[in-house]
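The values are calculated or read from the model by the stated rules, or taken from the named source; none is laboratory data. This is a predicted model, so every value here is computed, not measured. Don't worry about glycine lacking a Cβ; one is built from the backbone with ideal geometry, like all the others, and counts go over all protein chains shown. Only protein heavy atoms, including side chains, enter the accessible area calculation; ligands, DNA and RNA are left aside. Shrake-Rupley method; radii C 1.70, N 1.55, O 1.52, S 1.80 Å.
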Amino acid sequence: MKNTVLFIAVLLSLGCSSSPISFGGGGEKFKLRPYKDVTLKNGLKVLLIEDKTLPYISLGMLIKVGSSQDPAGLSGLNDMVSELLDKGTRKHSAIELSDQMAQYAGDFNASAGIDATYASASALSFNEDKLLGHFAEIITEASFSKLELERLRKRRLAQIKQMADDPDGLTEVAFEEFLYGQHPYARPVAGKLKDVRAISKKHIIKHYLQYYRPGNAQLAIVGTYSPNIVEKLEAAFAKWSDRPVTQRTLTGYPQGTGRNVLVVDKGDLQQAQIRFGHKGIRRNNEDFVALRVANAILGGGFSSRLMEEVRVKRGLTYNVSSGFDARLDEGPFVISTFTRPDKIGETVKEVLRVVAEYQETGPTELELSEAKALLKGQFPRTLETPEALASNLLYLRFYGVTDNYLTTYLQEVERLKVADLKRVIKQHFNSENMQILIHAPRAKTVPQLEGVGPVEVVSYQKYL
Amino acid sequence: MSFSKKIAMAISLSVCIGVQAQATNQKDVATAIKMKVDKFTLDNGLTVLLHEDHTAPFVNFQQWFRVGSRHEKPGLTGLAHFFEHLMFKGTNKYPNGEFDRLIRSNGGNSNAFTTRDFTGYYINLPSAKLELAADIESDRMRNLIFDQKQIDSEREVVKEERRFRVENEVFGLLDEKIWASVFKVHPYTWPVIGSMADLNRATIDDMKEFYRIYYAPNNAIIVIVGDFDSAAAKKLITKYYAGIPKQTIPEPAKVIEPAQMGERRAIISKQVQNTSAVVAFPTVRSGDLDMYALDLAANVLGGGTSSRLYRRMIYHQQTVSGVSVSSYTPEEPGMFKVSLSLKPGQGLEGVLATVAAEVHKLRTQPITDAELEKAKNAVMKDYVESLKTFSGKANSLAVHEIYDHDYQGMFRDLEKYMNVTKEQIVAAAGKYLKPSARTIVSVQSGVSASKPVTASVTPTEPTTGSRQ
C-alpha cells in the first residue's frame, strides 16, 4: 500500500509538465491552460486539467482503435464494441448500470470514429467517486452478454436501413466507399447490413481484448476534482493489465486518375447532395497549417470563394464548404454542398471552376491576411473549454503531433506567405482529379453532367 | 403486514438522507452558477446585459430582437427568417456583405437564428475588437439597404435551406406537421422557415416594412459575455446606440388557441424505410409554474436510457430505434411531445398504445422518489453544462430577458425545479397530457392520406432556420 503511494508521488514529480504559455504581439493574449501528465502503474497515460469555475468533473478516454481496424467483412465491429461497453459488466447488468448512473446524472458515451474511439463521462463534482468507479468498470470489465449483443444488432440493422431516408448520412458513407475502394477507410463506421449480421460474440471479445489496453489508450480528467485524484485512478484502473498491441500499417490513399462521377440514385429526393474529393493528407503532414489557411480561403465559412460564388452570387445552395479531413493515413480533401435537382450541373461546374481558378491564381495578399486573422481568432474559441483542450491534446498525441502544435500555432499561421500557399495548393489541390458523388434522382441528374467526366450510376441500396 | 411496514420505513429513511445530501449539493450548484451581471437601459429603450469572464481572450456579442415568425401575417410566413438573412447584406457604411468580410478579417465569426418568438444575431471577436461588434450591429439596426437582386438571390438560398431542413428530412416534415396540427389559430401554426409559396411571394416592400417596425432599439436586447471591461463597454454601447430613435412597436393581437376537444391525427405519406411519429399535447408558456413539473415529467418519461419509455420501448419491446421526449415552452403556450422512430416493419398502433399506457401511468400513479431525484439531478447537471461557454451564458441570459424581461429568472429556475414535488408532476401530467388533447402525426409509406401531402416545413427544435 505504502509502496503504491510512493510510486505515484515519484511519477507525479517526473511526469508533470505544467505549461502556461502566452503569446505576445498582435493584440493576441491567448494563454494555454496549465495541464499535467502522469502515467499510471499499468502504463495508462493521464492528462489532468483543473477547472474550478464550475462544479463538474469529466473524463475522456481515447482508445487507439477505429473502424478502419474492423476486419474485412466485419465492418461495424469496432462501433458495436464501443456501444456495448456500458451494456453490462462483470459486476452489473446493463439495466443496473444505467439506473445507477442516471441517479446522479452521470453520463457515459462512447463514440467510434474512423481512426480512434473516444469514451467520455461526466457528472457534478460531488459524484466524483461514483463516476470514476463506473467509468473504470465500463472500460475494463465490460461483459458483452449475448443478449445485449443481439439487442444492439437489431437496433443497428434498423438504423442502417433508416439511413436510406437520410440523404446527408447516406452520401457520407457512399463517398468514403467511392474514394477508398479496398482501403479500410471505405468501411462505414456503423457497418453494412451483411457485416453486422455476421459479427459474433467471439469477434467482439477478441477485438476488445486486443485493443482495450492501458498502453493503447490515453485518459483525460477535467474539472473540479480531488487533490488525490491520481491515487483514486490507480485504484480504479489497478486490474487493467497492459499487453502489446500490434500497430496498423498505413497503405496510403488509393491512387486514381482523372475525374469520375458517381450518381447514387434515389427517385424521390427533392434536393441533391453533392461531394467532391481527392487525396488529402495525414494529420502529421508538415504542411497541415498551411493547408488549413489555404482551405479557409477556398471554402472555410462566409466570405470564402466557394461561399461567395456558389451561395451568395448564384443562390445555388444554402451551404458549401471544403476541408482536409486529415487522418492517421491519408484522409480526403472534400467539398460538400447541396442544391435543387435542376441546378446540379451548374453547381458541379461552378465548384470545379472555382477550384481550378484557385489552383491557377493562388490567394491574394488580402485573402491571406484575412484567412490568417480568421484562424488566429478562431483558435482561442476552439480551446474555450478545458474539455476541448483535453480532446485536442489527446488527438494530437494520437496522431503523432507534439503538444507544441498548440503553443506555436499562432506563429505558424502568422509566418505564412503567399508563396507558401501557392506551393501547397499546387501540391494538394487538383480539380482535374476530383471524384464527384451526386445523391439524387438519376433521370434528372445524368443529362446535366455532360463534359464533367465518366458517369456511373448505382442504387442507394448498395450502401446499406 | 409488518414486513411491508419495515420496507416502507427503510425507504423513508433513505429518502430523508438522500434529500438532505441533495439540498447541500443543490446549494453549492446554485451558488456556483450565480454570475455577476450588469444590466442597464438606454433612453431609447435598448436593454443591455454585461457579464465579464476573463477565462478566454474573446467576447461574445449578442443582439436579439423581440420578433419571430409569430409576428408574421398569414401569406407572408417565413418573413422573419428570410429577413434575418438580409441583415448580412449591407448598409451604406458596410455594403455588399462587407460585414462578413470585416468580421473575418478581424478574427471573428458571426451568425444568426430565428425562432417563433425572437431573432438572435451573434458575433464572436477577439477581446480588443469589441467596438467593431457594436459598430456593425448598431449600423445594421437602422441603416440596412435593400437591393432587389440580392433579395432574389437570397430567396433561392432560403428555399434551398427549406429543402435541406424539411423536404429532404423526415423529422423536418414531422415537425412542420405537428405545429400545424396542434395549433389551428395561433401563429405558432406556421413554420418558422415559411412555405415555399410565401417565400416566393415576399417583396422588397414587405422586407422594408418588417425592418421598420421591428428592428428598433426598444425591441432589442444586447448581451455581452467575455473578456472586456464593463465600464468601457457601457461607453461603447452609448456611443453607438444612443442616437438610434425608438419606434412604436405594435402589440400583436393576443391570439389564444382554443382548447382542443378531441384527438387529432395527420399522416404524411412518403416512401420511407420505417414509420416515424410525434405525439404532442398543448401546454404552457415559459415561466409558468407547471413548466417546471412538465420538464421533470419529460425527463421521467424519456430522459436517458433509464427513463420509462426508453426502457420499455427500446430496451424491452425493441419496437423503436429512437424515442425522445421534450417539453417546449416558448413565449406563448407550447407543447409536450414524444418523438418516435419505429423499427422497419413495426406497425404504428402498437407503439402508440405503449406511449398511451405510459402517459396514462404518469397521470394516474405516483412517480418514485428515485425518479424524482434523478430528474432533478439531470436538470441541475444540464444547468451547469449550459454555462461552460460564453455563448451558453449569453444565450441563457438573453432567453430569460426576452421571455420575462428579467434575466435573474435563470438563477431562480434551479430552485423552482428543486421544489417540485412528486404530486405536482403527476398533477401536471394529469392536467395536460389528456387523451382528448393528444395530436398524433406520422410519416409512413403506402398510406393513402386523405389529401395529397407535399412536404410542408420547419427545422427540428425550438430554434430554426439559422443562417448557416
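Below is a table of values for the structure above.
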{"quantity": "Selected from B:Ser327, B:Pro366, B:Leu46, residue furthest toward positive end of dipole (the protein assembly as shown; charges at beta carbon)", "calculated": "B:Pro366"}
{"quantity": "Inter-label distance for B:Asp369 and A:Ser145, nm, one decimal - labels placed 7 Å from Cα along Cα-to-Cβ", "calculated": "2.8"}
{"quantity": "Order of exposure, largest accessible area first, which applies to B:Ile193, B:Ile267 with probe 1.4 Å", "calculated": "B:Ile267, B:Ile193"}
{"quantity": "At 1.306 mPa s and 10 °C, Stokes D of chain A from Kirkwood alpha-carbon radius, µm² per second", "calculated": "66"}
{"quantity": "Residue-span extension gain [B:Arg201 to B:Phe146] - 0.36 nm each, minus C-alpha spacing", "calculated": "18.2 nm"}
{"quantity": "Inter-probe distance in nm under a simple model that places probes 7 Å from Cα toward Cβ, at A:Thr53 and B:Phe411", "calculated": "1.8"}
{"quantity": "Three-way shape label, the protein assembly as shown, alpha-carbon gyration tensor, a/c 1.5", "calculated": "rounded"}
{"quantity": "Cβ-based net charge around A:Asp329, under 10 Å, with every Lys or Arg adding one and every Asp or Glu removing one", "calculated": "+2"}
{"quantity": "Helical mean residue ellipticity (222 nm; -39500 (n - 2.57) per DSSP H run of 4+; nearest 500) of chain B", "calculated": "-14000 deg cm²/dmol"}
{"quantity": "Environment charge at B:Gly262 (Cβ cut-off 11 Å; Lys +1, Arg +1, Asp -1, Glu -1)", "calculated": "+3"}
{"quantity": "Accessible area (Å², 1.4 Å probe, nearest 10) - B:Ile268", "calculated": "10"}
{"quantity": "Between region A:395-451 and region A:194-272, the alpha-carbon center distance in angstrom", "calculated": "24"}
{"quantity": "Nearest-ten-degree value, helix A:344-361 long axis tilted from longest Cα axis of chain A", "calculated": "80"}
{"quantity": "Principal-axis tilt of helix A:2-15 within chain A, Cα atoms, nearest 10 degrees", "calculated": "30"}
{"quantity": "Accessible area of the protein assembly as shown divided out per residue, in Å², using a probe of 1.4 angstrom", "calculated": "39"}
{"quantity": "Built amide H within the under 5 Å cut-off of A:Leu32, gap 5+", "calculated": "A:Ile21"}
{"quantity": "Environment charge of A:Gly300, counting only residues whose C-beta is closer than 10 Å and scoring Lys/Arg +1, Asp/Glu -1", "calculated": "+3"}
{"quantity": "Pairwise FRET efficiency - A:Lys426 versus A:Thr402, Cβ, R0 = 35 Å, nearest 0.05", "calculated": "0.80"}
{"quantity": "Residues with amide H under 5 Å from that of B:Gly322, placed H, sequence gap 5 or more", "calculated": "B:Ser341"}
{"quantity": "Sequence-distant residues sharing a close amide H with B:Met335 (under 5 Å, placed H)", "calculated": "B:Thr283, B:Tyr328"}
{"quantity": "Sites excluded, GluC sites (Glu not before Pro) in DSSP loops with at most 12 other C-beta within 10 Å, longest stretch of chain A", "calculated": "A:1-285"}
{"quantity": "Tensor-based shape of chain B (alpha-carbon gyration tensor, a/c under 1.5 rounded, otherwise prolate or oblate)", "calculated": "oblate"}
{"quantity": "Estimated vicinal HN-Hα couplings, Hz - region B:406-412 in sequence order (Karplus 6.51, -1.76, 1.60; Gly, Pro = x)", "calculated": "7, 4, 5, x, 5, 7, 7"}
{"quantity": "Accessible surface of the protein assembly as shown [probe 1.4 Å, protein heavy atoms]: carbon and sulfur percent", "calculated": "54"}
{"quantity": "Within straight-line cross-link reach of B:Lys376, aspartates and glutamates at Cα separation under 16 Å, skipping those fewer than 8 residues along the same chain", "calculated": "A:Asp99, A:Asp107, B:Asp28, B:Asp290, B:Asp295, B:Glu385, B:Asp413, B:Glu415, B:Glu423"}
{"quantity": "Euclidean distance of C-alpha centroids, region B:191-221 and region A:41-77, integer Å", "calculated": "47"}
{"quantity": "Interface burial for A against B (accessible surface, 1.4 Å probe, total of both chains, Å², rounded to 100)", "calculated": "6000"}
{"quantity": "Test item: Cα-centred dipole of chain B, Lys/Arg +1 and Asp/Glu -1 on Cβ, debye", "calculated": "1060"}
{"quantity": "When each of A:Lys376/B:Lys393; B:Lys208/B:Lys239; B:Lys129/B:Lys208; A:Lys36/A:Lys130; B:Lys184/B:Lys416 is checked by Cα-Cα distance, pairs over 28 Å", "calculated": "B:Lys129/B:Lys208; B:Lys184/B:Lys416"}
{"quantity": "Under 23 Å from the Cα of A:Lys146 - lysines, other chains or at least 8 residues apart", "calculated": "A:Lys87, A:Lys91, A:Lys154, A:Lys161, A:Lys192, A:Lys194, A:Lys201, A:Lys202, A:Lys206, B:Lys343"}
